[in-house]
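Notes follow once the structure below has been shown.
The values are calculated or read from the model by the stated rules, or taken from the named source; none is laboratory data. Predicted model only: the values in this text are computed from it and were never measured. Counting neighbours? That spans all protein chains shown, and the Cβs are built from the backbone with ideal geometry, glycine included.
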């Protein structure tokens, strides 16, 4: 057997065994989050308690981060299958119990139960009852919902607090707010007064007295309807960029900065086969991203690094829903979004392959080209999670050509400590089997040593 065949067999065997890296996790939060949120095959059982499963996964992840032994309980289940088998609902219950023991006194809030799918109410009641039955350590629970009979009966014996917004003072405050917004907010025109409801947020019902009956009938009652109105206000020609921003926020391998986001949408996306980076388009993108998504994202700044995140978990549920898919014409599910982000990164890096930087220029790359470090480090990670790697193969092979690869190495030497000495070594290290096969077929030197 040739050395090339031996090398390829070894890579395939390694990748099969460790499709997700095993024990030494540089970012356990990111890895375990992707693992437990990875999609299951569609079955009636999985679909019947989707919202309850999502709630339990989120609780488990959040408590794992706060545990005195971060992610230890989750990692135990991850290691049982090297990340290849998803945790069942029962597994997550076991992890949750372990976390409650580790944390001691714990507070859990299950908010807006009524916004879940009606078919999941029963499962949510069972989840709440399971949590209420816990006695080993102090556990404090808060459930919020509009009145629903199934919750009233299912949580019988739980102290209930009814929140009413019918007092004169509350209505007066809302009336003043609505009048002020209509008069002073340039984005609210009288002809679009229905948007008043979207501006108010929670005390919607109390504010509806401001609107006539005909207008009230046109207002959405559910969150998805409200979010849909937000997206309807986005100009059609900008929708492709809005979807791109959402993909990045949802699935970037590490929290992406606002400057990186602005760089990531400085593209001509008109040709789905090849995105074209346009550096001059970057100017002004930071502000326009806020204009597009101001009601759906939150801005944070840590150590001078600005970033965006979705304003609420329900926003994520909406943009991943069939309803949004039909509205936008895009599938934001994980595999399709990984394909997009990988193609975005590869196209970005190909720009520098065709416009190589001098060594001195590369030193200033981070401030001049904010996405460069992320694109160079994670393009292959996203490719490996793509729904169809063959779509990305031609561009990836172009990026791995010797000259472009040397340009890539020069570009990222500021960010990465160890750049593989050759494209073939890189593909072996990353587990990119198609890249290994392509490079060997192109007569890459399999005897080249790494050190």
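Of the candidates 387, 382, the single residue that is buried (at least 20 other Cβ atoms within 10 Å of the Cβ), within 19 Å of the chain's Cα centre (by Cα) and modelled with pLDDT of 90 or more is 382. Scanning the range 88-132 for residues that are more than 20 Å from residue 77 (Cβ to Cβ), surrounded by fewer than 14 Cβ atoms within 10 Å (Cβ to Cβ) and within 26 Å of the chain's Cα centre (by Cα) turns up 107, 109, 111, 118, 119.
Here is a yes/no grid of residues against (1) within 26 Å of residue 376 (Cβ to Cβ); (2) touching a helix residue (DSSP H, G or I) at 6+ places or on another chain (Cβ under 6 Å):
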site	(1), (2)
231	no, no
237	no, no
251	yes, yes
271	yes, no
303	yes, no
311	no, no
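Look at (1) at pLDDT below 85; (2) surrounded by fewer than 18 Cβ atoms within 10 Å (Cβ to Cβ); (3) in contact with a helix residue (DSSP H, G or I) (Cβ under 7 Å, 6 or more places away or on another chain); (4) not in a loop (DSSP other than H, G, I, E, B) and you find that residue 416 fails only one, number (4). Kindly indicate whether residue 306 is in the same structural domain as residue 387 (by TED's automatic domain parsing) and modelled with pLDDT under 85. So residue 306 passes the test. Those helices (runs of 4 or more DSSP H) of the range 254-361 in which 2 or more residues are within 30 Å of residue 408 (Cβ to Cβ) occupy 258-264, 285-293, 334-354. Would you tally the residues in the range 51-69 being crowded, with 16+ Cβ neighbours inside 10 Å and more than 22 Å from residue 315 (Cα to Cα)? Number satisfying all stated conditions: 2.
Taking the stated definitions as given, is residue 27 at pLDDT below 80 and under 27 Å from residue 122 (Cβ atoms)? Taking the combined requirement at face value, the residue does not satisfy it. Among the conditions (1) surrounded by fewer than 10 Cβ atoms within 10 Å (Cβ to Cβ); (2) modelled with pLDDT of 85 or more; (3) closer than 16 Å to residue 111 by Cα, the only one that residue 135 does not satisfy is (3). Note on the range 123-140: residues that are out of contact with any strand residue (DSSP E or B) (no Cβ under 7 Å at 6 or more places or on another chain) and closer than 24 Å to residue 312 by Cβ total 4.
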